[in-house]
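Here is the structure we will look at, set down as C-alpha cells.
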Amino acid sequence: MVEEPIRITLEDYSSSTVTQFFTSIAQPEVQAQIITYPPSLIQLIQNNLFHGLPNEDPYAHLATYIEICNTIRLTGVLADAIRLSLFSFSLAGEAKRWLHSFKGNNLKSWDEVVEKFLKKYFPESKNVEGKAAISSFHQFLDESLSEALERFRGLLRKTPTHGFSEPIQLNIFINGLRPQSKQLLDASAGGKIKMKTPDEAMDLIESMAASDIAILRDQAHIPTKKSLLELTSQDAILAQNKFLSKTLETLNIIFNI
C-alpha cells in the first residue's frame with residue numbers, strides 16, 4: 001500500500017508550537033557549561049550605545065566595544081563568542097531595529113556581524129567621502145603643527161579603509177602644511193624633509209610637533225592662540241618672528257645643533 005502524505009493545514013502552520021527565534025544572533029558554541037557575565041560589564045557596554053545616527057562612527061563604536069569586552073576572560077569561552085553574545089546590548093534605536101531585522105539565529109559568527117554592521121553603517125559612499133577629506137587635507141591658518149597632525153590622524157582613524165600607504169599619507173600631510181611649517185620641517189631635516197625615509201620623516205614631524213606644543217604653552221611668547229589675521233600687521237610680523245625664533249631655539253636643543 002502507498003502511504004498517503006501527511007496533510008498539514010494552515011492551522012498547523014500557525015500553531016504556536018512551531019519553533020520560534022526571537023534573536024538574530026545565534027548562541028555561540030562554547031566549552032563552558034554555564035556563562036555568567038557581570039552586570040557591571042553589561043552596564044559599561046550600555047554606556048557606549050550606537051544608535052545608527054549619521055554622525056556616529058561605527059569603527060569607533062566597534063573599537064570601544066571590543067576594548068570593553070577584552071576586560072573579561074571566561075574559561076572555555078573564546079573572545080569572539082563573548083563579543084557575539086553581548087553585541088546586541090551595545091545597540092539602541094534604529095541600530096537595534098536593524099539587528100532584529102535578520103532572521104532568527106541567522107548571524108552565527110562575530111566576523112559576520114562585523115561585516116554586516118559595517119556594510120550598513122559605513123557604506124562605500126562614506127569611504128569615498130573619508131578618502132576625499134584625507135587627500136584634501138590642509139593646515140588651518142591658526143592651527144599649530146601638533147594640532148594639524150592630530151587632526152590628520154583623526155581623519156585616518158575615521159576612515160581606516162582609506163587605502164593610503166604610509167609614504168602617501170606623509171606626502172599628503174606635508175603637502176597640506178602651510179609654508180611656514182614646511183620651512184621649519186625642511187630646516188630640521190637639514191635640507192628637504194621629503195629626502196628623508198618615511199620613518200625618518202615621521203620622527204622629525206613628531207619631534208617638531210612635540211616642540212610645537214611646548215612653544216604654545218609659553219605664554220610669554222604667544223599670549224593667545226588667535227589667528228595672525230586678527231592682529232595688526234606690525235604685531236603679526238612681530239609674533240611670527242618670535243614664534244620662529246623660539247622654534248629654532250627648541251630645535252637646536254632637540255637635535256643638539
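The values are calculated or read from the model by the stated rules, or taken from the named source; none is laboratory data. Source: prediction; values computed, not measured. Using ideal geometry, Cβ is built from the backbone for each residue, glycine included, and neighbour counts are taken over all protein chains shown. Accessible surface is based on the protein model in full, side chains and every heavy atom, while ligands, DNA and RNA are left aside. Shrake-Rupley method; radii C 1.70, N 1.55, O 1.52, S 1.80 Å.
Remarks
- Ordering 164-171, 88-95, 51-58 by mean Cβ neighbour count within 10 Å, with the highest value first, yields 88-95, 164-171, 51-58.
- Averaging the Cα positions of each part gives two centres, and for segment 139-184 and segment 189-207 these lie 14 Å apart.
- On a per residue basis, segment 168-207 carries 51 Å² of accessible surface, using protein heavy atoms and a 1.4 Å probe.
- Cα lying deepest toward the dipole's positive end in segment 89-158, options 110, 156, 144, charges on Cβ: 110
- Each residue of segment 194-202 is assigned a 3J(HN,Hα), and the resulting list reads 6, 8, 8, 6, x, 5, 5, 4, 5 Hz, derived from the Karplus form 6.51 cos²θ - 1.76 cosθ + 1.60 (θ = phi - 60°), x at Gly and Pro.
- Rolled with a 1.4 Å probe across the full set of protein chains, the surface gives residue 137 an accessible area near 10 Å².
- Residue-wise HN-Hα coupling along segment 187-193, computed from phi with Karplus coefficients 6.51, -1.76, 1.60 (Hz; x: Gly, Pro): 5, 5, 7, x, x, 10, 5
- Distant-in-sequence amide contacts of residue 57, defined by a placed amide H-H separation under 5 Å and a gap of 5 or more residues or a different chain, comprise nothing.
- Dipole magnitude (debye, nearest 20) for segment 80-214, charges at Cβ of Lys, Arg, Asp, Glu: 700
- Residues whose amide H falls under 5 Å from that of residue 178, counting only those 5 or more places apart or on a different chain, are 139, with hydrogens built in the peptide plane.
- For residue 50, distant residues with modelled amide H under 5 Å away: 91, 92
- Of every Cα-Cα pair in segment 71-179, the percent that sits beyond 23 Å: 50
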